[in-house]
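A short worksheet on the structure shown next.
The values are calculated or read from the model by the stated rules, or taken from the named source; none is laboratory data. This one's a predicted model, so the numbers in the text were calculated from it and none came from an experiment. Note that each Cβ is placed from the backbone with ideal geometry, even for glycine, and that neighbours are counted across all protein chains shown. SASA here: full protein model, heavy atoms, side chains in, ligands and nucleic acids out. Shrake-Rupley method; radii C 1.70, N 1.55, O 1.52, S 1.80 Å.
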Number of protein chains: 2
Amino acid sequence: MCLCAAIMMAYGVAGAQPSPQAVRDQVRQYRQQHEVEIVRAYAQLLSIPNVASDTANIRANADFISTALEKRGFKTRLLSAGAGSPVVYGELPSPGARHTILWYAHYDGQPVDKSQWALDPWLPVLRDGLTTDPGKTIALDSLHAPLNPEWRIYARAASDDKAPIQALFTALDALNAVKLPIGVNLKVFFEGEEEAGSRHLEAIMRQNTDLLKGDLWLLSDGPVHQSRRMQLYFGARGETDVEMTVYGPARPLHDGHYGNWAPNPAALLVDLLASMRDGESHILIPGYYDDVRPLSPSERQAIAQIPDVDTQLKQELGLAWTESKGQPVAMAITQPALNIRGLEAGHVESKAQNAISTEAKASLDLRLVPDQKPDKVQALVEEFIRRQGFYIVHQTPDLETRRAHAKIIKLNWGSGYAAARTSMDDPAVLPVITAIEQTLGTPLVKMPMLGGSVPMYLFPDLLKTPVVGLPIVNHDNNQHAANENLRLQNLWDGIEIFAGILTGTEKNWNVTAKK
Amino acid sequence: MCLCAAIMMAYGVAGAQPSPQAVRDQVRQYRQQHEVEIVRAYAQLLSIPNVASDTANIRANADFISTALEKRGFKTRLLSAGAGSPVVYGELPSPGARHTILWYAHYDGQPVDKSQWALDPWLPVLRDGLTTDPGKTIALDSLHAPLNPEWRIYARAASDDKAPIQALFTALDALNAVKLPIGVNLKVFFEGEEEAGSRHLEAIMRQNTDLLKGDLWLLSDGPVHQSRRMQLYFGARGETDVEMTVYGPARPLHDGHYGNWAPNPAALLVDLLASMRDGESHILIPGYYDDVRPLSPSERQAIAQIPDVDTQLKQELGLAWTESKGQPVAMAITQPALNIRGLEAGHVESKAQNAISTEAKASLDLRLVPDQKPDKVQALVEEFIRRQGFYIVHQTPDLETRRAHAKIIKLNWGSGYAAARTSMDDPAVLPVITAIEQTLGTPLVKMPMLGGSVPMYLFPDLLKTPVVGLPIVNHDNNQHAANENLRLQNLWDGIEIFAGILTGTEKNWNVTAKK
């Protein structure tokens, strides 16, 4: 195939398949004709309680989803490792396709505090209001299309993270109805304990590396850009954390009688913390930035094109400045962060006592970026603390130890994991970007990485497969809180984009591969 | 009177009065003959509950003490200002005396938590054990002299601070019994709400400046030196304190999504605090030490002669070092201290959350020394904080203020007061030192100042009269806690020393005045 023919095919000019825009229009038409049916089907999925610890209902979810996949031609299996919730795995091969997309979502949801919910979290309803004022309820049995696309479905997991599962089902239904074949092999991997810390995810992946072979993982989780524009994210920061305790006198001392004689652990702690970072978030620990992978030109360009959110955020948050030297948040989070998430020593305000406390504590959360490794970062931090004159222990020191060492600090490290960032120029990724942008008719927001930590590193590091994040839900969805919801337009958009990926990626891939 | 005659008189060689040692021996003999009677009399005083808020019992205490003073020849008055407990004031002139000693003690005690007491705090008993193991009770009605001087009287206020009141009564009784006249005019001033913050002390003093004229105040409160040696203290640190709040984003933010973009108030706070003092308690605020009065040669010498307590303290407290550059505690506390008494931001350990908190708080207690003034210190601290780039507010800032200023700190100052330090070479003080040392036959421990803050400044600043602290009670008396007690030997010593002061001071004064 010559390059020009490939381009013609890619844009749908030649061949039997309609153009991406035509696919989108057909899928949209299908959706418009089935809006009420889609919402009712989704309500069924949402009505099954899905807290990871609720074993029986988790199984009911897995069975419901397996059945739904099988109806759509998938071969399914439940993947388990130990006592955790099973992963619902399904395969839908596409005759003649040479590439495989692996699709991740999770069907479990955050635990709920029902007292905080306007209605039952597992009795899904449509409401005509926003998250802060859910508005009036619209009964599901009296719906008439067209539905107002600003209406929202309220239920636990409506956005996080059953929405991509429903969008995928509907995209497949639409393509089937309009007789458009999906052009790529498809594997789905729906986790059942993401909100419980993905305790068995790594083990399940390790046990199924052959099954999970493919060209690209799509991680459908999280919200679209705050500007409501669709986005892909290419990575996420890693994380490690440490609890610190600095020791003073073995019993609290009167700070009048002993102040400026007895070592004050709060003063030692603030000195140490202040020495670790400057006033603008730069970390002062030698070697800390040595392994930081520089941003590529594509990544820098993508950041420059991300819609401005800083202005609005600063307004909302009452901030006259940021500690990022004027860089936008999307750029700031591509760098390591040393966050002080807690300080505790003695007492303040009405509880303040004239005392030198026996210990002072800090909790640090270290966000890592590629290619920092948690164990190396931990070693650098410990070496730095030692050079500040501290004697490091990992257990509470006894009196003899305290008598023997001037400045003692206890460090308790949490487990950590590495960051990940897939290249925007990766040949496995470009076809998906193209498929989505052709479907949308507008450029995507391309976010080099999320600031928060999700274990995206498992895909490249363990499964040796690139991964990109493809969220579809509204950013104002009350994720993890009461009154979680999904804006209908986000579901509609998700269906079209997923259909575009299913139909467009394989041919784009072949173009890219041939170039 | 020639100098040699004055010296002869001072040492009791010439004139009608016996030597200080002879006075001591006569007083001791009286006490030995009356031990049981003294303990029973003291138990009567201790059996009247004396928490400052218990108005009826406070009045019963005041009446009991007034009656006891009148029996001993005093003219008495109750001094009040507003609704607080009255001061019991009494005068006992000495014919021919040219000098007046004013004697301060307080008759109220700390509130009690009866559940923590081995016995009723207002049913005084003798016990044969130490504070940690009170031992067995010895019934007051079956006592036989001689009493074991290591036995202790257990009751609220047994040490703090009815002990000097009883010691003074008994000293006067002994001198009366052995027909030794007190050689000095005596005024007593027994406060009734010291443990409730001395809320009316300044007002009562202001209203009675003429009544309270005299040459020297003896402040009988607090314990003797930890070595059990008698001590005088010549001053106390002053104090001011401040509650600080540094502001971050108006709502808590995920520290992954926003860490190293959103200002972290805990990081701002530790930077500020670290900039205020170095690792060895030296305060880095410009001008902070400008008003610090240097120690006199007498004060330096006195500190050098104070028995070592640091070694034992460090052992007890599990400390391998002090932040005083190797100086003993008695020297360290003659300097200003900037104590961090509390830190609070976010959460630590099991409650740690991946969040940038909205605010971070610190509580500072600033111990002042002569001649620092609280208002000037507060201004220096504020100026320093401003130079660190902070915008200072004294009320919680609204969103508009937060949007307008990058680094905002709220400061809430507590009321403060100045330090005091009477010169050891003050001619009003030397006669008392001499009288005590002659009585003891050994040198006193002379403590230039206490590290803790008591409003000693009122005596020199408001009443224009020097003051020294003259404690008599044991240091291990469980002051302010359950099972407060007084070691009998400390009461016996107090009686002798007080008698020595009453009989010896006037003639020493005249010697000093003539020199």
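Here are some notes:
- Cα principal axis extents for the protein assembly as shown, largest first, Å: 134, 51, 49
- The trypsin sites (Lys or Arg not before Pro) of the stretch A:257-329 meeting both criteria, a DSSP state outside H, G, I, E and B (loop) and at most 13 other C-beta atoms within 10 angstrom of the site's C-beta, are A:Lys325.
- Across peptide A:364-375, the average count of Cβ atoms from other chains found within 10 Å of a residue's Cβ is 2.
- Amide hydrogen neighbours beyond the local backbone of B:Ser198, cut-off 5 Å, H modeled: none
- Pairwise burial B:A, computed as accessible area of each alone minus the pair, summed, 1.4 Å, Å²: 6700 Å²
- For B:Tyr289 and B:Arg387, the difference between the fully extended length at 0.36 nm per residue and the C-alpha to C-alpha distance is 33.5 nm.
- Computed over the stretch A:205-358: relative contact order in percent, which uses C-alpha pairs under 8 Å that are six or more apart: 36 percent
- In a reduced charge model with +1 at each Lys and Arg Cβ and -1 at each Asp and Glu Cβ, chain B shows a dipole moment near 880 debye about its Cα centre.
- Using C-alpha pairs under 8 Å with a sequence gap of at least 6, the mean separation divided by the residue count of the stretch B:386-439 gives a relative contact order of 28 percent.
- Positive end of the dipole of the stretch A:395-515 (Cβ unit charges, origin at the Cα centre): among A:Gly494, A:Gln479, A:Gly452, the Cα lying farthest that way belongs to A:Gly452.
- Counting all C-alpha pairs of chain B, share separated by more than 45 Å (%): 22 percent
- Selected from A:Leu78, A:Ala60, A:Ser115, residue furthest toward positive end of dipole (the stretch A:55-118; charges at beta carbon): A:Leu78
- The trypsin sites (Lys or Arg not before Pro) of the stretch B:386-419 include none that DSSP puts in a loop with a beta carbon having at most 14 other beta carbons within 10 Å.
- Calculated FRET value between A:Asp425 and A:Thr67, using beta carbons and R₀ = 25 Å, to 0.05: 0.05
- Label-point spacing at B:Arg386 relative to the other copies reads 4.6 nm, in ascending order, each point sitting 7 Å out from Cα along Cα→Cβ.
- Carbon + sulfur, % of accessible area of the protein assembly as shown - ligands and nucleic acids excluded, 1.4 Å: 51 percent
- For the stretch A:311-329, residues shielded by at least 50 square angstrom of accessible area compared with the chain on its own, probe 1.4 Å: A:Gln315, A:Leu317, A:Gly318, A:Leu319, A:Ala320, A:Trp321, A:Glu323
- When you filter the trypsin sites (Lys or Arg not before Pro) in the stretch A:153-209 for DSSP loop state and at most 12 other Cβ atoms inside 10 Å of their Cβ, you are left with A:Lys179.
- Interchain or long-range residues, amide H under 5 Å from B:Trp217's placed H: B:Leu102, B:Val467, B:Val468
- Which of B:Ile392, A:Ser142, B:Ala360, positive extreme of dipole for the protein assembly as shown (C-beta unit charges): B:Ile392
- Residue-wise HN-Hα coupling along the stretch B:333-345, computed from phi with Karplus coefficients 6.51, -1.76, 1.60 (Hz; x: Gly, Pro): 6, 7, 10, x, 10, 10, 9, 8, 9, x, 9, 8, 7
- Relative contact order computed over chain A (Cα-Cα under 8 Å; 6+ residues apart), in percent: 25 percent
- Taking amide H as placed 1.01 Å from N in the peptide plane, B:Leu253 has its amide H under 5 Å from the amide H of B:Ile356, each at least 5 places away in sequence or on another chain.
- Once the Cα gyration tensor of the stretch A:138-273 is diagonalised, semi-axes √(5λ) in Å: 53, 24, 14
- Total charge dipole magnitude, the stretch B:165-273, about the Cα centre, Cβ charges on Lys, Arg, Asp, Glu only, Debye to nearest 20: 400 debye
- In straight-distance terms, cross-link reach from B:Lys464 covers every one of the aspartates and glutamates whose alpha-carbon lies under 12 Å from its own, apart from those fewer than eight places away in the same chain; here that gives B:Asp210, B:Asp215.
- Evaluated over the Cα positions of the stretch A:74-178, the convex hull gives a direction-averaged projected area, one quarter of its surface, of 10.0 nm².
- Computed from phi, the 3J(HN,Hα) profile of the stretch B:453-467 under the Karplus parametrisation 6.51, -1.76, 1.60 (θ = phi - 60°) reads 10, 10, x, 5, 4, 4, 5, x, 6, 8, 9, 6, 10, x, 9 Hz, with x in place of Gly and Pro.
- Net length gained if the chain between A:Thr401 and A:Gln32 were fully extended (0.36 nm per residue, minus Cα distance): 125.6 nm
- All aspartates and glutamates inside 14 Å of A:Lys351 as judged from Cα atoms, apart from same-chain residues fewer than 8 positions distant: B:Asp241, B:Glu243, B:Glu344, B:Asp365
- Ascending distances from the A:His254 label point to its copies in the other chains, with the point 7 Å along the Cα-to-beta-carbon line: 5.1 nm.
- Partner lysines whose Cα lies under 26 Å from the Cα of B:Lys325, excluding those fewer than 8 positions away in the same chain, are identified as A:Lys361, A:Lys407, A:Lys410, B:Lys314, B:Lys373, B:Lys446.
- Ellipticity estimate at 222 nm from DSSP helix runs (n ≥ 4, -39,500 (n - 2.57)) divided over the protein assembly as shown, nearest 500: -10000 deg cm²/dmol
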